[in-house]
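Just so it is clear, none of the values below were taken in a lab; they were calculated from the coordinates. Computed from a prediction, not measured in an experiment: that's the story for all the values here. Cβ atoms come from the backbone with ideal geometry, glycine included; neighbour counts cover every protein chain shown.
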Ligand SMILES: C[S@@+](CC[C@H](N)C(=O)[O-])C[C@H]1O[C@@H](n2cnc3c(N)ncnc32)[C@H](O)[C@@H]1O
């Protein structure tokens, strides 16, 4: 498991909102700006479909993930567990793609929708408030996901069934077990817990 998950899952299992507790003093101002409280009244930890806590991907890593997948005009990007929508917003704003997020946290979806309107991206970006396991993602040309490593055990066979040949998948931080990596990118941070790995796959 990537080191960042180990600490975040311990925090989440302790019943403490990760966005409030994972930050170091140096991170605090940046995270305060980026994070939306994940409390939507649901006890996700007990939900068998819970695929991980809300942890926003830094902007530089978002851009690196979209670059790795060579996202461009004509792409339809799905971010599974879209958090505050930063990946789908970036896909449309900086990579000229259309994008859909799937996120079951009501507040994060509301923030995403507000940003979509504020940025004038209606018609190109939308967020679906719902469970990843209840979606049909077969229209995607690119899929991104930043979820707990165990998520791939259930998610990989679903993507194998739904996605067409050639669709690019970018896994943030942890690889998809059994899938051949097309390209890996490591992004160094200030410490081991802040470094990031991106894994690119192409559906066969
Ligand atoms: C690590 S965050 C990633 C957020 C965003 N993709 C990013 O990279 O900044 C994972 C997100 O997945 C959401 N999530 C976890 N399980 C889910 C499920 N079964 N259906 C929908 N969303 C889920 C969480 O609420 C959380 O916001």
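For the reader, a short list of remarks on this structure follows.
- When each of the peptides 178-186, 93-101, 70-78, 117-125 is scored by the mean number of other C-beta atoms lying within 10 Å of its residues, the order from highest to lowest reads 93-101, 70-78, 117-125, 178-186.
- Length gained on full extension, residue 107 to residue 136, computed as 0.36 nm times the residue gap minus the Cα-Cα distance: 8.2 nm.
- Cβ crowding within 10 Å ranks 164, 113, 82 as 164, 113, 82, fewest other Cβ atoms first.
- Residue 150 paired with residue 93, simple spin-label distance in nm, labels 7 Å along Cα-to-beta-carbon: 3.5
- With one equal scatterer per alpha carbon and no solvent term, the Debye-computed log10 I(q)/I(0) for the stretch 59-202 at 0.19 1/Å reads -1.15.
- Percentage relative contact order, the stretch 59-202, counting C-alpha pairs under 8 Å, at least six apart: 22
- Put in order of Cβ neighbour count within 10 Å, fewest first, the listed residues 197, 47, 84, 79 become 47, 197, 84, 79.
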